[in-house]
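What follows is one structure encoded as C-alpha cells, with my remarks underneath.
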Amino acid sequence: MTHYLILRVIAKLMIGPIMLFALYVQFHGDFGPGGGFQAGVIFAAALILYGLIYDLTALRRFASLELLCSVMALGWLLYIGVGFATMALGGRFLDYDYLAADPVAGQHIGILLIELGVGITVAATMLVIFEVYAGRKIAAEGEGGA
C-alpha cells in the first residue's frame, strides 16, 4: 500500500471532528433533524475513512468483524429492550410515557435510547459491509485477480 503523508495527516485531523459531529447528530435528534440512523452513518463514515487511508488491517485491529457483529446485536437489543421495558411497566410496546413518572421525561428517555440503539446498529452494519467487501477485494488481489 502506498502511504500518502498529506492524506494521513488530514485524515487524522478530520476523524475526530467527524465522530464529534456524529455524537451531536445523535443527541440532537430529540430536538431537531437527525437521530440514530444519520449519526450511525456519519460515525461509520469516519471509521471507513480510517480504513481507506490507513489500511483495512488497521481498521480490523480496532473493530474486528466479531466485535462489530456483537455491537450490531447490542444495538438491536437496546431497541427491543426499551420496547419490552415499556410493556413490563404497564404500557404498550415502545410507549415511552411509562419510562418515567413524568410522561414528557419518559418520551425523552425513550427516544434517546431508541435512537442510540439505531445509531449503534447502523454504524456497526455499515462497517461490517465495508469490511466484508474491502476484504473480498484484498483476497481477490492476493489470488492474482483484479
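The values are calculated or read from the model by the stated rules, or taken from the named source; none is laboratory data. Everything numeric in this text was worked out from a predicted model, so none of it was measured. Glycine gets a Cβ as well: all are built from the backbone with ideal geometry, and neighbour counts include every protein chain shown.
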| note | Scanning region 52-100 for residues that are farther than 19 Å from VAL122 by Cα, outside any helix (DSSP H, G or I) and not basic (Lys, Arg), the one modelled with the lowest pLDDT turns out to be ASP55
| Residue match in region 35-44 (condition: surrounded by 14 or more Cβ atoms within 10 Å (Cβ to Cβ) and over 30 Å from ARG136 (Cβ atoms)) | yes
| said: Which of the numbered conditions does GLY81 fail, given that it passes all the others? Conditions: (1) surrounded by fewer than 16 Cβ atoms within 10 Å (Cβ to Cβ); (2) among the small types (Gly, Ala, Ser); (3) closer than 26 Å to GLU131 by Cα; (4) over 15 Å from the mean Cα position of the chain (by Cα). | reply: (3)
| query | Going by the conditions given, is GLY32 of a type outside the set (Lys, Arg) and not in a helix (DSSP H, G or I)? | reply | yes
